[in-house]
Amino acid sequence: MSNELSVLGQIPEDILKATRKNLPSDHPTWCPGCGDFSVLNAYFKLNERRGMMKQNITTISGIGCSSRFPYFVNAHGAHFVHGRALSFATGLSISRPDLHVFVFIGDGDAFSIGGNHLTHTARKNVKMTCVIMDNHVYGLTKKQTSPTSPLGFKSKTDPWGAEDMPIHPIKQLVSAGATFVARTHAAMPEHLLQMMERAMDHNGFSVVEVLSECTEFNRGSFDTALARKGGQFRILEEKKNDGTPEDGKRHDVTDEISALRLANEPWPGCFGVFYQIQRPTKNENEAKHAENAMNKGVAASEIDRLQEMFNVMK
Amino acid sequence: MAQTAMQTSHGLEKIHLEEVVIRIAGNSQDGIQSVGDMLSRLSGRSKRGVITFQTFPSTISGGPSIFQLRVGGHRLKSVGDEADVLVAFYQHSYRDHIKALRKGGLLIYDADHVTPDPDEKRFHHVGVPMTSLTIEAIGGTAKDKGKNLFLMGLLAKLFDLESDKLEEQIKERFDAKGPKVLAPALNAYHAGYAYDISKIGELFQIEKDPIGRAHPQVCMDGNQALAYGAIAAGIRFGAGYPITPWSSVMEILRRELPKFGGTFLQAEDEIASIAMAVGAAYGGTLAMTGSSGPGLSLKSEIISYAVMAEVPILVVDVMRGGPSTGLPTNVEQSDLNLALYAGHGDTPRIVIAPFSVRDVFHSVVEAVQLMQEYNCPAIFLSDYSLATRVETWPEPNLKESFHIYKPDMSPKGPNFLPYKDTPSGISERIIPGVLMLDGNYPTISGLEHNEAGHPDGSSVMHMKMTAKRRRKLQTLREKLPPVSVYGPETGEVLLIGWGSTKGPIEESVDQLRKEGMDISSLHVKYLSPLQRGIDKVMDRFKHVFVVEMNDSGIYGYGQLASLLRAVYANAKIKGINKTDGLPFKVREIVSAVKSKVMQTVHPSV
Ligand SMILES: Cc1ncc(C[n+]2csc(CCOP(=O)(O)OP(=O)(O)O)c2C)c(N)n1
Ligand code: SF4
Ligand SMILES: [Mg+2]
């Protein structure tokens, strides 16, 4: 990339490289205090820390308050349709292996209208990072029940309190086959950034569930997970493989059953990386098929390859 | 049982190999399609034209199935109304298809299963115990599997076909399955070839013209032409979900695209498929998705997105009978409205319908070029009959048809406007990885946006950008070639058609002209935007009938007829419609035209 740029002459560093200063675009339209601000800040920091070139940052979203995200990032991006951002990102990621695609979606996007896509992107293990900004409510459409709203949650569509069993994001994701599953809290910026960073490093489909408070329609919903609000933010202890006796009790992130058991703890549960394994990504598999196909004595040029196919049909 | 032959009162019948129509009727498990396929391929390799039609049962366990093949010396247009030769494997095949045989035609039936009506004198009947002879030839282990190859041997002998080339094809097909499969297959074929057909020779004279030298021909069905056309067009990413009759397009592309460094994914549903394709298109790859009617319905939200965000994407619909699951293995042209209007909001798009297998190939290349030039979705409307019919056609010149797409990755700006409101309406899109020299990057969006791509829902902006997106299609309309007329430019009757009905419509015109009617036809290939000049042509005829395989609707007009009436406000436009799930026969069009013209002249009749 740098060669190409030198041809262009002098382009100031601060235009090329992502910084916390040059990444913000429009001022976010979120309500004051909305948890989503913190996710956006973490994303700016992450890209700066990674020395990303702005031109290679690609931010994809669905529809919702959270999904306004790409407009606030001054880099390439797509604000797609409700629920299908992961499928869009699949097409992009597979056809553009040079990009690390980030997807930001809400809980309605992820688990309701896009539930099937979440499952299938996970089982395909498409390389990308998906950040679910979970506020347990439909924010943009102004307080209807979301698939993660707790039982009893009063909304405009559940005036007597929610009765449908809420979806448990972590259990859902681990069961679907996601290869990196983490949980964090928007009010814990350091932990949030750490999770996003580890997700970005993961080779495969990595998902971070961020409890991101909707101050407008679900105020105080995640206080029980915050020490300064009288709750507790408990970080799960990962196995260190240091041979100490206490390590035996620590969580093995490659152990699916252990991840599910941890996820099953009562609200507010714990935070951190629940699950991480390696298996071939869809990107690698597809690249391998192309490589094999092209090594199988096909003609050198593409046009001749097609000509060979026509010759067989004569 | 020995062979029986019943002489009609006429003398020696003639069958011209250069125009012969053969219908083979049996069950789907009998391998009729593979015989049809090999015969078509042979004719193609012999530089003869070939065109086929087949039906399949929609259930996997099988059921009645036919393959009809027309072999011809010149360029064929339709599969032929009536068969010269009918092969019936079962009593039900005989019962259901004898009416397709022309008077004086030849019925070859499996004497082990079929007893023809002894009082039927209109046809020549020849019984051949195909089942028992096949079992004998194979060695009695394989039941009657191989009957199809026995029949192929018989037909090869009857029509003096190049037997060595047919054997070659059997080997190509069965070699991979090992000698245990190949040997009995060849035995069955040889047994058929050795069968004494002198009785038929007493009834028929097979006429065979010398074969002229022609351009090299390729032989394939419409879905193959579509898949290879997409590759030639530069498509390198696709996603889809299985549905008849679209599936084989995705199956071919799944297999072949990796050879071009591309990929085709099976998605979890049709919505994900189009979303993936739009994602890949955003990334700078030419991308497609496809389905049949039920799947196209599901894709409509994202078609609207592609219109709004101005992302080029090819969306194929291989039409079948609808609504709903409808007639999965029949043809219908009832998705035109869906193709034109699927989506919410004002969503101008390109819609193209091919008319033959050859045209499928060339039109898909064109559709892909147009979509990338105009940055909008292109809907490609093929149908069941094109998808399944095998046609021989002049090999395309790949030097002309083959395209490699390289997105423009050069730096842009400063102050670059990806949605610039140009006079043509066409703007230049930006893909990830492109450096913006002023550091300002665009977000593609389904929200109304300004020229820079920023959300702007003001009335002024929405009016301006709605007009921009529409103007692109108006620019295209100016550039499309004006319509051309088949037959004289002025006259009494004008038939208008679209898609796969072009062949039978033009044959009907030929026939009716021979009978003295002053008739021409006009084929509408670009359904959105419509080509210029349709109104002028209609003005030059007294009657206009739009021939379509869809219902005449609540107000009496089919889907294209309704569109033309809406656009041209011409009360002359009437319809000839049908919904039997089968391609138009020439005689159906001919008789419909005659009675419609009568009705218009004498409304009381
Ligand atoms: C097909 C479709 N259905 C419904 C909507 C309306 N809609 C927009 S956002 C949304 C839900 C948003 O909730 P969530 O995904 O949790 O995001 P949040 O606003 O809470 O961040 C809905 C129902 C839409 N835009 N498109
Ligand atoms: S409605 Fe809720 S989620 Fe949406 S911006 Fe306001 S606080 Fe945030
Ligand atoms: Mg929400």
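Which of rounded, prolate, oblate describes the range A:17-279, given a ≥ b ≥ c as roots of the alpha-carbon gyration tensor eigenvalues and a/c under 1.5 marking rounded, otherwise prolate only if a/b is larger than b/c? Working shown, then result.
Working: a/c = 1.34, a/b = 1.03, b/c = 1.30.
Taking the square roots of the gyration eigenvalues as a ≥ b ≥ c, the range A:17-279 is rounded.
Shape class of the range B:485-601 from the alpha-carbon gyration tensor: rounded, with the ratio a/c of largest to smallest axis under 1.5.
Straight Cα distances below 19 angstrom link B:Lys103 to the aspartates and glutamates B:Glu13, B:Glu18, B:Glu19, B:Asp81, B:Glu82, B:Asp84, B:Asp117, B:Asp119, B:Glu120, B:Glu202, B:Glu207, B:Glu588, with same-chain residues fewer than 8 positions distant left out. Can you classify the range B:410-479 as rounded, prolate or oblate using the Cα gyration tensor, where a ≥ b ≥ c are the square roots of its eigenvalues, rounded means a/c under 1.5, and otherwise it's prolate if a/b beats b/c and oblate if not? Oblate, since a/c reaches 1.5 and b/c is not below a/b. Determine the alpha carbon to alpha carbon distance for each of A:Lys171/A:Lys249; B:Lys572/B:Lys594; A:Lys240/A:Lys288; A:Lys314/B:Lys585 and list only those over 23 Å. In this structure, A:Lys240/A:Lys288; A:Lys314/B:Lys585 lie more than 23 Å apart at Cα. Using Cα atoms only, what is the angle between the long axis of helix A:282-295 and the major principal axis of chain A, expressed in degrees (0 to 90) to the nearest 10? With rounding to tens, the tilt is 10 degrees.
Note on B:Thr466, B:Thr443, A:Thr119, B:Thr263: ascending count of other Cβ atoms within 10 Å places them as B:Thr466, A:Thr119, B:Thr263, B:Thr443, the fewest first. Summary of the geometry: the range A:99-132 and the range A:147-211, compared by the centres of their Cα atoms, lie 11 Å apart. For the range B:290-390, pairs of C-alpha atoms spaced more than 17 angstrom apart make up 48 percent of the total. Between the Cα long axis of helix B:293-309 and the first principal axis of chain B there is an angle of about 30°, rounded to the nearest 10. Across the cross-link table entries B:Lys259/B:Lys468; A:Lys21/B:Lys472; B:Lys171/B:Lys259, which are compared at the Cα atoms, the separations over 28 Å belong to B:Lys259/B:Lys468; A:Lys21/B:Lys472. Among the chymotrypsin sites (Phe, Trp or Tyr not before Pro) in the range A:142-181, those located in a DSSP loop and surrounded by at most 15 other Cβ atoms within 10 Å of their own Cβ are A:Trp160.
When the pairs B:Lys464/B:Lys525; B:Lys479/B:Lys525; B:Lys525/B:Lys574; B:Lys420/B:Lys464; A:Lys127/B:Lys406 are compared against a 22 Å limit on Cα-Cα distance, B:Lys464/B:Lys525; A:Lys127/B:Lys406 fall above it. Taking every alpha-carbon pair under 8 Å whose residues sit at least 6 apart, chain A reaches a relative contact order of 15 percent. Seen against the Cα atoms of chain B and their longest principal axis, helix B:179-194 is set at about 60 degrees. Considering only B:Ile496, B:Phe541, B:Ile519, the residue lying farthest towards the positive end of the dipole of the range B:485-601 is B:Phe541, judged by Cα position with unit charges set on Cβ. Computed from the C-alpha gyration tensor, the three semi-axes of the ellipsoid equivalent to the protein assembly as shown are 59, 33, 25 Å, from longest to shortest. With neighbour counts taken as other beta-carbon atoms within 10 Å, the residues B:Glu373, B:Glu400 rank, fewest first, as B:Glu400, B:Glu373. Residue order for B:Lys147, B:Lys121, B:Lys472, fewest other beta carbons within 10 angstrom first, comes to B:Lys121, B:Lys472, B:Lys147. Overall dimensions of the range B:382-509, expressed as equivalent-ellipsoid semi-axes from the Cα gyration tensor (√(5λ), whole Å, largest first), are 42, 22, 14. The Rg/Rh ratio for the range B:219-401, using Cα coordinates for both the radius of gyration and the Kirkwood hydrodynamic radius, is 0.93. Which is farthest toward the positive dipole end of chain A among A:Ile11, A:Ser301, A:Val103, measuring Cα position about the Cα centre, with Cβ charges +1 (Lys, Arg) and -1 (Asp, Glu)? After comparing all options, I get A:Val103.
With helices as the sole contributors, the protein assembly as shown gives -10500 deg cm²/dmol at 222 nm; each DSSP H run of n ≥ 4 counts as -39500 (n - 2.57), and the sum is divided by every residue.
Just so you know, all these numbers are worked out from the coordinates, no wet-lab data involved. Predicted model only: the values in this text are computed from it and were never measured. Here Cβ is always computed from backbone atoms with ideal geometry, including for glycine, and neighbour counts include all displayed protein chains.
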